[in-house]
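Derivation of every value follows stated rules applied to the coordinates shown; laboratory data play no part. Keep in mind that what you see is a predicted model, and the values were worked out from it rather than measured. Using ideal geometry, Cβ is built from the backbone for each residue, glycine included, and neighbour counts are taken over all protein chains shown.
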Amino acid sequence: MQNGKRVRGHTLAWHSQQPGWMQSLSGSALRQAMIDHINGVMAHYRGNIFAWDVVNEAFADGSGGGRRSSNLQSTGNDWIEVAFRTARTADPAAKLCYNDYNIENWTAAKTQGVYNMVRDFKQRGVPIDCVGFQAHFNSGSPYNANFRTALSSFAALGVDVQITELDIQGASATTYANVVNDCLAVPRCNGITVWGVRDQDSWRSGDTPLLFSGGNKKPAYTSVLNALNAVPTVSPTPPVSPSPSPSVSPSASFRLRNDGAGRCVDSPNSASANGTLFQIYDCHTNPNQRFSYTSGRQLQILGKCLDSPTGAGSGTRVQLWDCHTNTNQQWNFNSNGTVTNGANNLCLAVTGTSNTSTVTIASCNGSANQRWTRA
């Protein structure tokens, strides 16, 4: 701190590596011990820690997407909420983060479980400011190109996202660069922490996962440096004209209701940042579900346009982006109820029927999840 460096606090509540006396507690006694610990530690460092990992690794691995079985979980399902509310009172200036591993793959059940918790917290006013992605990539949990989607999806909820414990088995220079570029492409990704300096000191030294071996820089070091020094490349193609949108009057507003789900296309929490990913949610009359259709075949919402990322294929999520005249923002309403994109002729689709199901483009088949009504 004397050298102007910011310090991150890790971690206040965790099921692992608890002292013996804490492991012997249960119920209300354990809950109070957690509260007292958070208050005591945060009071001691108040004003010196810019961000805290308030809760660490509370979700289970596997296909269930639920909470981990632990002594803290046994005190009640609200224990994470209590931890965050306690932390906000203890140091109102600190950023409060949830941190976990194996949540980097957007399609994983664990990722979706954490996403739903964060979304619920934001909707109910539970104080959470950031989500930490540990990013321990290895053969059992490899890097996936949809990591950027995971980062941007969480960021669209209104939280910062940070890569907190990065190491990569074999230290692939390409993968390290990909991870850095993923963060740089998401405006709310504002931190990358590598989980050690030298391979010899790593918790997984046999995987040689870090940027240095002994005192020597590895190729991964150079790839990270080059990525940080380069201008990041983002997926949407910029407008071909300086005019931000066609000079046409928008039509009367409407909602896009999916015939199969009975729910409407929705910008989460009224987010209007470029790259916000759409979902479906119970239909309402708020502006984050109200579209207008222009003579240029754009679907405008919140002052921007529904956008299929340039070069996107089937399964890609649609996003919000500054309006321009390229065909990836042109949409055709068809007689069978489908809506096709002008750039790729893929159909607007939804991946499920429940709230927060994702909105994508997909190969057209005319099924109910691809049919839409202007309501």
Candidates Lys304, Lys110, Lys218: whichever shows maximal mean-square fluctuation once the chain is modelled as a Gaussian network with Cα springs under 10 Å: Lys218
Using a Gaussian network for the chain with springs between C-alpha atoms less than 10 Å apart, which of these wobbles most: Leu277, Leu25, Leu184? Leu25
Need one number: convex hull volume per residue for the stretch 254-374, Cα atoms only, in Å³. 85
Taking amide H atoms as placed 1.01 Å from N in the peptide plane, list the residues 5 or more away in sequence, or in a different chain, whose amide H sits under 5 Å from that of Trp372. Asp259, Thr338
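Obtain the radius of gyration and the Kirkwood radius of the stretch 8-230 from its C-alpha atoms and give Rg over Rh. Intermediate results must be reported in sequence, preceding the final value.
On the way: Rg = 17.7 Å, Rh = 18.2 Å.
We get a ratio of 0.97 for the stretch 8-230.
At a Förster distance of 25 Å, what's the computed FRET efficiency of Asn336 paired with Asp282, Cβ-Cβ distance as r, to 0.05? Don't skip to the answer; put the middle values down first.
Working: r = 25 Å, r/R0 = 1.01.
FRET efficiency, Asn336 to Asp282: 0.50.
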What do you get for the angle between helix 173-184 and the principal long axis of the chain? Use alpha-carbon atoms, 0 to 90 degrees, nearest ten. 70
Given H placed on each backbone N at 1.01 Å, which residues far from Ser213 in sequence or on other chains put an amide H within less than 5 Å of it? Asp199, Lys218
Hey, can you grab everything whose amide H is under 5 Å from the amide H of Leu346? Only 5+ residues off in sequence or another chain; H modelled, so Pro and N-termini drop out. Asn341
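By count of other Cβ within 10 Å, fewest leading, how are Ile280, Ile35 ordered?
Least crowded to most crowded, the residues run Ile35, Ile280.
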Which distance in Å, rounded to a whole number, links the C-alpha centroids of the stretch 87-133 and the stretch 141-197? 16
Listing Cys183, Cys97 from the residue with the fewest other Cβ atoms within 10 Å to the one with the most, what is the order? Cys183, Cys97
Measuring from the longest principal axis of the C-alpha atoms of the chain, the long axis of helix 27-44 (C-alpha) lies at a number of degrees, nearest 10, equal to 90
So the angle from the long Cα axis of helix 109-124 to the longest Cα principal axis of the chain, reported in degrees to the nearest 10, equals 80
What does the extension gain come out to for Thr310 and Gln17, with contour length at 0.36 nm per residue minus their alpha carbon separation? 100.9 nm
Applied in sequence order to the stretch 205-221, the curve 6.51 cos²θ - 1.76 cosθ + 1.60 (Karplus, θ = phi - 60°) yields integer Hz couplings, x standing for Gly and Pro, of 4, x, 8, 6, x, 10, 8, 10, 10, x, x, 9, 6, 9, x, 4, 4
With springs only between Cα atoms under 10 Å apart, run a GNM on the chain and tell me which of Asn138, Asn181, Asn229 wobbles the most. Asn229
